[in-house]
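Please treat every number below as a calculation from the coordinates, not as lab data. Computed from a predicted structure; not experimentally measured. No Cβ is skipped: glycine too gets one built from the backbone with ideal geometry, and neighbour counts run over all protein chains shown.
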Amino acid sequence: MLRRILAASRYIVVIAVFGTFVASVALLVYEAIVVVVGVAYAVWNYSASPKAAKVFAVGLIESVDVFLIAIAAYIISLGLYTLFVDATLPLPRWLEFHDLDDLKTNLVSVVIAVLAVLFLREAMAWNGGYALLAFGAAIALVIAVLTLYLSKGGGTRE
């Protein structure tokens, strides 16, 4: 009896699957609305100045950042579902999960992309101060460590 209870307890992960899926959908819908409103505002208040273009570009880069975070939540949702509930879920080969290391690898890859977009956003908004160099170096260090983590097998135990 205890064995059946423990075997069935894996379905409690559905709570995390549902939560990350809802968070992903909410972020995607919210940010899509932000993009539509931002584009509409840019069209109706057209200004041919370089400063207006830069502000618009930074806004779009920030939207890409939010979309990437939503995608990370979606990947986590899919990964947890396939690992704990139904391993037969049809997914593209690049999105298949066989263990938690596969999920971590996908998540770390998305984090690297989010960090790159974060730096790009700051670089676009840069006003000439020296803080950008320190910020870029910090992000580069984190990306280097995450890349090293991925190249070493993502913590896979042999």
- Item | 222 nm mean residue ellipticity, helices alone, for the chain (DSSP H n ≥ 4; -39,500 (n - 2.57); rounded to 500) | -26500 deg cm²/dmol
- Starting with the highest mean, order 33-39, 19-25, 103-109 by the number of other Cβ atoms within 10 Å, averaged over the residues of each peptide. 103-109, 19-25, 33-39
- Note on the structure: Toy charge model, Lys and Arg Cβ at +1, Asp and Glu Cβ at -1: the chain dipole around Cα centroid in debye, rounded to 20, equals 140
- Task: Output the peptides 60-69, 130-139 sorted from most to least packed, where packing is the average of other Cβ atoms within 10 Å over each peptide's residues.
- Result: 60-69, 130-139
- How do the peptides 75-86, 141-152 rank, highest first, by the average count of neighbouring beta carbon atoms within 10 Å per residue? 75-86, 141-152
- Would you indicate which of (1) 12.8; (2) 10.4; (3) 11.0 is the value of mean projected area of the Cα convex hull in nm² derived from the coordinates of this structure? (1)
